[in-house]
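Read the structure below first, then the notes.
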Amino acid sequence: MPSIFNIFIDSNTKLLTMDNFVFHNPVKVLFGKGETAKLSRNIPKDSKILLTYGGGSIKKNGVYDQVMAALEGYDITEFSGIEPNPHYETLMKAVEIIKEKSIDFILAVGGGSVIDGSKFVAAAVHFDGEPWDILAKAARVTKAVPLGAVLTLPATGSEMNGNSVVTKWETKEKLAFGSPMVMPQFSVLDPETIYSLPIKQVSNGIADAFIHVLEQYLTYPVNAPIQDRFAEGIMQTLVEEGPKVLANQKDYDAAANFMWAATMALNGLIAAGVPQDWATHMIGHELTAFHGIDHGQTLAIVMPAMMQYKRDVKGDKIVQFAQRVWNINEDSRDATIDAAIAKTKEFFETIGLKTSLSEVEVGTETIDKIEKRFEGRGFNIGENADITPADIKGILELCS
Ligand code: NZQ
Ligand code: ZN
């Protein structure tokens, strides 16, 4: 029996092949309850550690105590107050402390913001010149302070990748950089940390991880069935396990599966050799930069509109996604794509997220500002580099 995917594949689709790739992910993962206790086996005893964290959730949920107990006898300096969507201005204070105290290891304890912020700090310490250039000018990072992480929020994949997103508060710019130099040496993933998460952070995390997969999957076919099926497996796991965590945050099994799915969604594995999009993220970052909207929430708004706007060029993969992830069985290509978009939007809504800009009170003024920003940058986005600033405006209007 031919699959629906074969029936509806666009006959104009060129048969492409996957790109060459180098896959190297050196992050050691310590996964499971109680693994924080093994920290000292992974940090040299004579290290001078900067313990970085956020607004204090780790003090309320016991993670701070676990870390301190595991690191008894170490020379530890604390740096707290790394905010969600970490600010360059805050992070530069940590850079100064590291230099002053000759600190030689950073332990980031928190969600994506703390880990991302710590990566930037690690790179900025040894950077010659203005460290903002690492983000604004993609200046190369050649050396970084070694770092490790204790993850407390499954979402970003930062615990197992070399990416970091930092906001300059002064100018409301939110920019990313990536370097193998800032990949954590190890990351502790204890699913019990999920128990204390505010429910909206669970929703954000499910959407963020799901959309990380879509950014690396919803492009065009390149005959890469391993990457495709891993990607589909991660999405199916998030669809099955995410709602279980929302229903009962103390369901250890569901928390564990959610956490591992989020890590696998953005650790390079499913990206190997395949085209990647990231336009939804780039647009979402602007919504956060201008309005402070949570990262996962911005993506849940933009992604269904992106699918609709790019339904022609993304059509083959949307059909495959429809069939394999949502078990959609419509009788035409168009109806299949419509159903996939509707189902994706409905999923985000059932996990408690908004799917339109009006619900987060973003109007035409912001849309115009975002279009201008992309115009100023002077390049298009998307896997085919065919999404222009005017298209970005069109996508945002679609989800208004
Ligand atoms: O600051 P604290 O007090 O720790 O509270 C945090 C924060 O308020 C809280 N929280 C975290 N773990 C908790 C907890 N509260 C109770 N119990 C716990 N176990 O949750 C709030 C949000 O934390 P944050 O770290 O901001 O969330 P997330 O992990 O979603 O990170 C978002 C940031 O990551 C970037 C985003 O742009 C954003 O800046 N991203 C990083 C990526 C990467 N490095 O690869 C990729 C992503 O696409 C994303 O862009
Ligand atoms: Zn993301």
* Do the conditions hold for THR237, that is, is it among the polar types (S, T, N, Q), within 14 Å of ligand 1 (Cβ to nearest atom) and not in a loop (DSSP other than H, G, I, E, B)? -> no
* All but one of (1) surrounded by 16 or more Cβ atoms within 10 Å (Cβ to Cβ); (2) part of a helix (DSSP H, G or I) hold for LYS369; which doesn't? -> (1)
* **The one condition in (1) under 16 Å from the mean Cα position of the chain (by Cα); (2) open to solvent by less than 50 Å² (accessible area, probe 1.4 Å); (3) in the same structural domain as GLU89 (by TED's automatic domain parsing) that GLY178 fails to fulfil** => (2)
* Pairs, first under 13 Å from PHE321 (Cβ atoms) in the range 232-246, second outside any helix (DSSP H, G or I) and at pLDDT 95 or above, C-beta under 8 Å, six or more apart -> ILE234/ILE270
* Structure fact -> The residue that is least open to solvent (accessible area, probe 1.4 Å), considering only those in the range 183-216 that are more than 15 Å from ligand 2 (Cβ to nearest atom) and among the aromatic types (Phe, Trp, Tyr), is PHE186
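Being at positive phi and open to solvent by less than 40 Å² (accessible area, probe 1.4 Å) is the filter; apply it to the range 74-121 and report the residue that is nearest to ligand 2 (Cβ to nearest atom). If you could, list the steps in order and put the result at the bottom.
Step one: filter the range 74-121 for residues at positive phi, giving 81, 85, 102, 110.
Filter once more, keeping what is open to solvent by less than 40 Å² (accessible area, probe 1.4 Å): 81, 85, 110.
Working: GLY81: 23, ASN85: 12, GLY110: 16 Å.
For the range 74-121, the residue satisfying everything is ASN85.
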* Return yes or no: is VAL245 open to solvent by less than 50 Å² (accessible area, probe 1.4 Å), more than 10 Å from ligand 1 (Cβ to nearest atom), in contact with a strand residue (DSSP E or B) (Cβ under 6 Å, 6 or more places away or on another chain) and among the β-branched types (Val, Ile, Thr)? => no
* LYS372 fails exactly one of the following numbered conditions: (1) under 30 Å from GLU170 (Cα atoms); (2) within 16 Å of ligand 1 (Cβ to nearest atom). What is the number of that condition? -> (2)
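The values are calculated or read from the model by the stated rules, or taken from the named source; none is laboratory data. The structure presented is a predicted model; accordingly, all values stated were derived computationally and were not measured. Every residue, glycine as well, gets a Cβ built from its backbone with ideal geometry; the counts of neighbours run over all protein chains shown. Calculation scope for accessible area: heavy atoms of the full protein, side chains included, ligands and nucleic acids excluded. Shrake-Rupley method; radii C 1.70, N 1.55, O 1.52, S 1.80 Å.
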